[in-house]
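Here the structure is laid out as structure tokens; the discussion comes afterwards.
The values are calculated or read from the model by the stated rules, or taken from the named source; none is laboratory data. Everything numeric here is computed off the predicted structure, so don't read it as measured data. Virtual Cβ from ideal backbone geometry, glycine too; neighbours counted across all protein chains shown. Heavy atoms of the whole protein, side chains included, go into the accessibility calculation; ligands, DNA and RNA do not. Shrake-Rupley method; radii C 1.70, N 1.55, O 1.52, S 1.80 Å.
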Amino acid sequence: MKHWIEAARVRTLPLSISGILVGSLYALANPTRDVLTPTQVFDWKIFGFAILTTLGLQILSNFANDYGDGVRGTDNADRVGPMRTIQSGAISPASMKRAIIITSLLTLSSAVLLIYFSFRDSNIGYSIFFLILGVLAIVSAVRYTVGNTAYGYRGYGDMFVFVFFGLVSTLGVNFLHSKQVDLQLILPAISIGLLSTGVLNLNNMRDELSDRKSQKNTLVVKMGGAWAKKYHYFLIITAMVLVLIFALIYNGSGFKIDQYLFVVAYFPLIGHLLTVRKNRDPRNLDPELKKLAISTFLLSILLSLSLIYFISDLIVNA
């Protein structure tokens, strides 16, 4: 059990549900903003199965990454990060392959239930669209490092993380609740996607030398360490700016400190950027992975709480 928990990479799981929190709490907040008689669209079943589906997708991606890099020999003695389970021999490739199949089926089952509770027997077109999207997400999670055409070995991993754990996670779950696309939510969706991509980029910065030797051509390997740092600054700083712009638009001209709780998460993010800027040893980047993932999760929680406080103010003042 210990080795399977290691393979699931628990420290990455809070990050994966950040978009679900923001998209769902936005659905809870939005009907009360513009309608005199609110129609609540938030649904706990949708929220719960969205979290289960996203966690399944993240664990599947981690299992597939362990398997793909393990059987290719990418995870070897040159690697800076923690030893993976197939690399250490704690889990056999055959066992991991079975776990990938089982996790894929469980994630697909959760996705089907999520779609059912979202649309039931109406909006068949939406149901088919989200089912296709779910299958694509599962296939993409596996194909990141598995197979001869694994796109993670060609520098497309960042795109997968940004799209599925940013845009699809945040905008998708909000649509499942509200059955509409709110363009205003694009800003925090992009922010969550950029921060999630930042975690992957940091991981690839840590593993640059071993990935280069193994011909795993991540974006970091392609652009080099110096440009990867600049790219990292762009990801984190842009995400912080977009969330602030979203809050200014959402909250209007008024200012209350509880509407900007999320700014607290900026302090560890700024500290993280300073550490990355000064760093010269790839081994020192490993602890920063956990810090960035937790900071992103903290940002999503505080932003969600800010939305809830906004609701409370509207109810009190009504």
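What the table below lists for this structure:
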read-out: Scattering profile of the chain at q = 0.11 Å⁻¹ [log10 I(q)/I(0), Debye over alpha-carbon scatterers]; value: -0.69
read-out: Cα gyration tensor shape of region 161-239, rounded if a/c is under 1.5, else prolate or oblate by comparing a/b with b/c; value: prolate
read-out: Computed [θ] at 222 nm, helices only, for the chain once each DSSP H run of length n ≥ 4 contributes -39500 (n - 2.57); value: -22500 deg cm²/dmol
read-out: Extension gain (nm, one decimal) between LYS213 and VAL241, 0.36 nm per residue minus Cα-Cα; value: 6.4 nm
read-out: Region 102-219: C-alpha gyration tensor shape, a/c 1.5 cut-off, then a/b vs b/c; value: oblate
read-out: Excluding exposed DSSP-loop trypsin sites (Lys or Arg not before Pro) (at most 10 other C-beta within 10 Å), longest clean stretch of the chain; value: 121-279
read-out: Mean shadow area of region 138-196 over all directions, Cα convex hull, nm²; value: 4.3
read-out: Accessible area (Å², per residue) of the chain, counting only protein heavy atoms and a probe of 1.4 Å; value: 46
read-out: The chain - percent of accessible surface contributed by carbon and sulfur, probe 1.4 Å; value: 68
read-out: Full-extension gain in nm, TRP4 to LEU133, via 0.36 nm per residue minus C-alpha separation; value: 43.7 nm
read-out: Nonlocal Lys pairs with alpha-carbon distance under 21 Å, the chain (8 or more apart, or different chains); value: 17
read-out: R0 of 51 Å, Cβ-Cβ distance SER109-LYS278: FRET efficiency to nearest 0.05; value: 0.65
